[in-house]
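Peer 1: Here's a structure for you.
The values are calculated or read from the model by the stated rules, or taken from the named source; none is laboratory data. Please read these numbers as outputs of a predicted model, since none were measured by experiment. Because the Cβ atoms are built from the backbone with ideal geometry, glycine has one as well, and the counts that use them run over all protein chains shown. Just so you know, the surface numbers come from the protein's heavy atoms only, side chains and all, with ligands and any DNA or RNA stripped out. Shrake-Rupley method; radii C 1.70, N 1.55, O 1.52, S 1.80 Å.
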Amino acid sequence: TEAPPSRRTGAMDPDHEAIEKELKEWTSTPPAKLDTAKVATVYNFHLMARRKPRPGQKNPNYLEDLGYNKQGIWKQSETFCKKLFGKNPRDRIRDGDVPVGLTNLGATCYVNSLLQCMFMNGKFREFIFNLRERTLTKGMQILNELQQIFVHLQCSTQKSWNPSAFIKCLNIPPNQQQDAQEFNKLLLNIVEDTLKKSDVPEIRDFLPKMFQGEISNTTTCRACRYPSERPSKFYELSVQVKGMKRLEDSIESMLIPEALTGSNKYLCSRCHCKQDADRQTVLKKLPPVLNIQLIRFSYDLKELRKKKVMDSIGIPVSLDMGKYVKNGASEATEDIYDLAAILMHHGNSANVGHYVVDAKYKYEGKWWHFDDEKISLIGDDICAPLKKTSSKDKKGSNGKKESNAKAMDEEEYTEGKKKNSEAEKPAKEAPKKTHRNSKNAYMMVYVRRGYAKVEDSVPPKPLEKDVLDSNRRYKELCESYEEQ
């Protein structure tokens, strides 16, 4: 079939030819001689005006409805401004008393969670602020970066701070997930080694006095009753979670004596022969700030891979450690500890997941939920029921989206909890909950009751000046954006 003559010759339709003719005439016409009719013809206003909208609808091509177009720049003025000028910097200004978050650089949620825990410790924060170059001969860089992070978490007007310099200083790959408890050991060891280079005894001994406890593996011969002790230091107390209902059960199971009998007899140094004996872990000394780590990850010999233990455990708001310490309280009138933070690992896998932390603000305020840059208020009671929110867009440390089952923290609160039938009775007031149950809790921070509290630490003048200048520059950026 042959094409129409107009297509074979390349000729235009009559209407198009007329418009082209008008256009040529209009472009060659001096501006002083332009009339409204020619302008309307060029811009097809005469065609738009005939396209009246249906009843109840808006026609973007109709002159009276100009501006209702849902496409192009008329779609949303806010979206158009973001494309033209970028995001509004005021969106990043923190609201009121909401704490400052930390930016996730790929898979650094475990770093952010632990840094938030350390910042809440007023004595540790004050100690870091007061360090000066003259107190340390070398190795001050890591402490300088900690100072920068802490001063911005305390004084910044922005919602979050980027810890990239701190990550780079530790030579940590930002896109590779690591274990939060192992990183806690690494960081404390690096800080301790750096502080040991100081000539000031108070600086050298600060970290052990705050975080370090002592245990002893004691073996007692049943024949001569001679105890053989092997003391060791710890920065976190590791306890089992599998099969345990409460944290108290985990601590008690760690202290249960083990009988060495039969083929497993103990070679006694006093008796010079193998004897029946009892081996036991003994708590000798507890630090003011006690880190308790749950053994969530274990190696499966059948599947030859690391697996996560998903057992739920009750975490007490207050913990009496005096009954577990040998000869009573350890260098204190009492060993009652109050819960200050819970670090959690979301996800069913031991290799991937996402770390968040629930912490009491500066160990004495309200409870907050820290999820990298996202900070949300929990309230005065950590045991109050949490609302489960959809987490379709929540990403784990591997950069992949997690399912709701992995991302949501399936919390239940058992201590003092009533059954549904009993809860409906308005006459009795529900008893205050003393435990929080969680299958994602990984490490808890407890602070000895009566441990000296510190008011908002005052950072050094140079650090404070830097962050105040940063706040001023950001305010000017917001004003400049609004002027545009």
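Peer 1: In nm, to one decimal, how far is the modelled label at LYS265 from the one at ARG305, with both set 7 Å along Cα→Cβ?
Peer 2: Once both label points are built, they end up 4.5 nm from each other.
Peer 1: With each pseudo-label sitting 7 Å past Cα toward Cβ, what's the SER480-LYS366 distance in nm, one decimal?
Peer 2: 3.5 nm
Peer 1: If you take every residue apart from ARG279 with its C-beta less than 12 Å away from the C-beta of ARG279, what net charge results, scoring Lys and Arg +1 and Asp and Glu -1? Can you show the working numbers first?
Peer 2: Numbers: positive: ARG222, ARG230, LYS265; negative: GLU229, GLU258, ASP276, ASP278.
Net charge around ARG279: -1.
Peer 1: So, with a 1.4 angstrom probe, what is the percent of accessible area on segment 99-231 that is carbon and sulfur?
Peer 2: 45 percent
Peer 1: Apply the Karplus curve 6.51 cos²θ - 1.76 cosθ + 1.60, θ = phi - 60°, to the phi angles in segment 167-174 and return the couplings in whole Hz, x for Gly and Pro.
Peer 2: 4, 5, 5, 7, 6, 9, x, x
Peer 1: Show me the ranking of peptides 299-309, 202-212, 372-382, 261-271 by mean Cβ neighbours inside 10 Å, starting with the highest. Present the calculation step by step, with values, prior to reporting the outcome.
Peer 2: On the way: 299-309: 11.0, 202-212: 16.7, 372-382: 15.2, 261-271: 12.9.
The packing order, highest mean first, is 202-212, 372-382, 261-271, 299-309.
Peer 1: Distance cut-off 28 Å, Cα to Cα: go down the list LYS185/LYS265; LYS285/LYS362; LYS185/LYS360 and report the pairs above it.
Peer 2: Numbers: LYS185/LYS265 34 Å; LYS285/LYS362 25 Å; LYS185/LYS360 22 Å.
Listed pairs above 28 Å: LYS185/LYS265.
Peer 1: Starting from the Cα-Cα distance between ASP91 and ARG230, subtract it from 0.36 nm times their residue separation and give me the gain in nm to one decimal.
Peer 2: Numbers: separation 139, 0.36 × 139 = 50.04 nm, distance 5.64 nm.
Here the answer is 44.4 nm.
Peer 1: Among GLN275, PRO231, LEU255, whose Cα lies farthest out toward the positive end of the dipole of segment 184-301, if unit charges sit on the beta carbon of Lys, Arg (+1) and Asp, Glu (-1)?
Peer 2: The residue sitting farthest along the positive end of the dipole is GLN275.
Peer 1: Could you check the simple spin-label distance between LEU170 and ASP380, using points 7 Å along Cα→Cβ, in nm with one decimal?
Peer 2: Distance between the two pseudo-spin positions: 3.5 nm.
Peer 1: Using unit Cβ charges (K, R positive; D, E negative) and no other charged atoms, how large, in debye to the nearest 20, is the dipole of segment 89-235 about its Cα centre?
Peer 2: Values: 19 positive and 15 negative charges, 40 e Å.
Dipole size: approximately 180 debye.
Peer 1: Give me the number: length gained by fully extending ASN144 to LYS209, i.e. 0.36 nm times residue separation minus the C-alpha to C-alpha distance, one decimal in nm. Walk me through the numbers on the way to the answer.
Peer 2: Working: separation 65, 0.36 × 65 = 23.40 nm, distance 2.17 nm.
Gain on extension, ASN144 to LYS209, equals 21.2 nm.
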